[in-house]
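Any read-out appearing in this document is the output of simple, stated calculations on the displayed coordinates, not a laboratory observation. Values in this document were obtained by computation on a predicted structure and should not be read as measured data. Because the Cβ atoms are built from the backbone with ideal geometry, glycine has one as well, and the counts that use them run over all protein chains shown.
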Amino acid sequence: MSALAEAEGAANLGQGFPDQDGPEWIRAAAATAIGEGANQYPPGRGIAALRSAVAEHQQRRYGLAFDPETEVLVTAGATEGLTAAVLAVAGPGDDVITLEPFYDSHAAAIAMAGARHVTVPLRAEEDGFRLDLEALRAAAGPATRAILVNSPHNPTGTVLAPEELSAIARVAVDADAVVITDEVYEHLTFDGAEHTPLATLPGMRDRTLTVSSAGKTFSLTGWKIGWATGPAPLVDAVLAIKQFLTYSGGAPFQPAIAQALVHGDGDIAELKRSLDRRRMLLLEGLRSAGFRTVRPSGTYFVCADAGPFLREEARDGAAFARWLPGAAGVACVPLTAFCRPGSETSRALSDWVRFTFVKDESVLSTAIERLKGLGRGAGLSAAPRP
Ligand SMILES: *Cc1c(COP(=O)(O)O)cnc(C)c1O
């Protein structure tokens, strides 16, 4: 979609990367680290300063205590942490449960492990996309080895509610499954929604691998500094896999992110405020252009039902996303790209697309103007729903 957006000169609200780099002082810290010689392999577990900063962050924000020597592992972004975690705990004959829609790398990691991917739908409701608790309980069984939970959730923007988290915890305990969490949007929540790590729920600390990263929190997605925290035996298992994926990486970025985690709360708060403004701008823009939207309480994304705009040339969300850059100069991503082909959720969300608001306000305003034109022009009233 990014290539298509580029070719068509479209406002790219498809791929979710910020068009403004993270704080100057954090970037300067990495430059200093290069100058001071942080240029060779860091230790496999990550440098001590970053492991301590991660442990301190988990303690200060969530009251979670981890030993930086044995219970914290630095990874090449959350992607490596999640993939290594899945490879560490699951294999052929095992089931791994995720929500659906799901982030693409989750499905790829499960496939690489040779495990079976079982999904539980999130359904579009008035107050957000909600987890089907009935389906969750039905999805778990003797083969369930792990439950991979992403909250705040990409692509839907949902922050799982306390009763949804408790239900997941209960299912995990009953199935004796490991929980792997993807918390890369932990700080990017809105409307007073609070992120609660599953590891804080009763009985969960010892069966949970919590994965996060600096990319989204500090708008430094290209640095790929992530981490996993959990009980030592699980972290050791992830380390054993990580050893032969990357071994280690990001030498000058690790000390910079260590400082960011300790001194960056103000920067995080400011990003959150600015993202909140952009969220409301995009949400109101999409609504006034004629889309049905679900208000996200976290992440970078708004999901919208493109149903009213579907037509001969664009019969579903996927076709709409291919058609839109040329027709209106805006790029988005279909939600079916985050679903299993042919699944119930894929059918339920066939007309839905995802727009990101992690772009300059001018880009968002341009996109909104163009989408309103779509509604006024050949769109809405003229287009019978195929
Ligand atoms: C961006 C993203 C990631 C990847 O994180 P990195 O630290 O860049 O590897 C993982 N999960 C979700 C849900 C994401 O949106």
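Think of region 1-141 as having a plus end and a minus end, set by charges on the Cβ of Lys, Arg, Asp and Glu; of A29, F129, Y103, A29 sits farthest toward the positive end of this dipole.
Per DSSP H run of at least 4 residues, take -39500 (n - 2.57); add these up for the chain, divide by its residues and hand me the 222 nm value, nearest 500 deg cm²/dmol.
-13000 deg cm²/dmol
Taking Cβ atoms as reference points and 9 Å as the exclusive limit, the residues near V302 contribute a net charge of +3, counting Lys and Arg as +1 and Asp and Glu as -1. The antiparallel fraction among DSSP beta bridges confined to the chain stands at about 55%. Pairs of Cα atoms nearer than 8 Å and 6+ residues apart set the relative contact order; for region 64-117 it is 37 percent.
Inter-label distance, E163 to D127: 0.8 nm, where each label sits 7 Å from its Cα along the C-beta direction.
For the chain, the longest principal axis of the C-alpha atoms and the axis of helix 232-242 are separated by about 70°. Using a Gaussian network model of the chain in which every pair of alpha carbons under 10 angstrom is joined by a spring, one finds that among Q243, Q15, Q254 the greatest mean-square fluctuation is at Q243. Taking the Cα centre of each part, how many Å lie between region 1-77 and region 198-269? Answer, in whole Å: 8.
Roughly how many debye, to the nearest 20, is the charge dipole of the chain about its Cα centre, given +1 on each Lys and Arg Cβ, -1 on each Asp and Glu Cβ, and no other charges?
About 620 debye.
Seen against the Cα atoms of the chain and their longest principal axis, helix 24-35 is set at about 50 degrees.
Global size of the chain: 20.8, 64 Å for Rg and Dmax (C-alpha atoms, Rg to one decimal, Dmax whole). Magnitude of the charge dipole for region 216-314, about its Cα centre and with charges confined to Cβ atoms of Lys, Arg (+1) and Asp, Glu (-1), is about 180 debye. Scanning the chain for GluC sites (Glu not before Pro) in DSSP loops with at most 16 neighbouring Cβ atoms within 10 Å leaves 195-311 as the longest stretch between them. Karplus-derived 3J(HN,Hα) values for region 106-120, using 6.51 cos²θ - 1.76 cosθ + 1.60 with θ = phi - 60°, are 5, 5, 5, 5, 5, 5, 4, 6, x, 8, 8, 9, 10, 10, 10 Hz; glycine and proline are entered as x. Scanning the chain for chymotrypsin sites (Phe, Trp or Tyr not before Pro) that sit in a DSSP loop and have at most 15 other Cβ atoms within 10 Å, the longest stretch containing none of them is 1-243. Here the spin labels are modelled as points 7 Å beyond Cα on the Cα-Cβ line, and at W25 and A232 they lie 3.6 nm apart. Restrict the search to region 66-136; then list the trypsin sites (Lys or Arg not before Pro) that DSSP places in a loop and that have at most 15 other Cβ atoms within 10 Å of their Cβ. Passing sites in region 66-136 do not exist.
Students often forget the sequence filter, so: which lysines lie under 18 Å Cα-Cα from K216 once same-chain residues fewer than 8 apart are removed? Here the lysines satisfying the reach criterion relative to K216 are K224, K272, K359.
When the trypsin sites (Lys or Arg not before Pro) in region 269-321 are filtered for DSSP coil states and for at most 15 other beta-carbon atoms within 10 Å of their beta-carbon, the remaining sites are R315.
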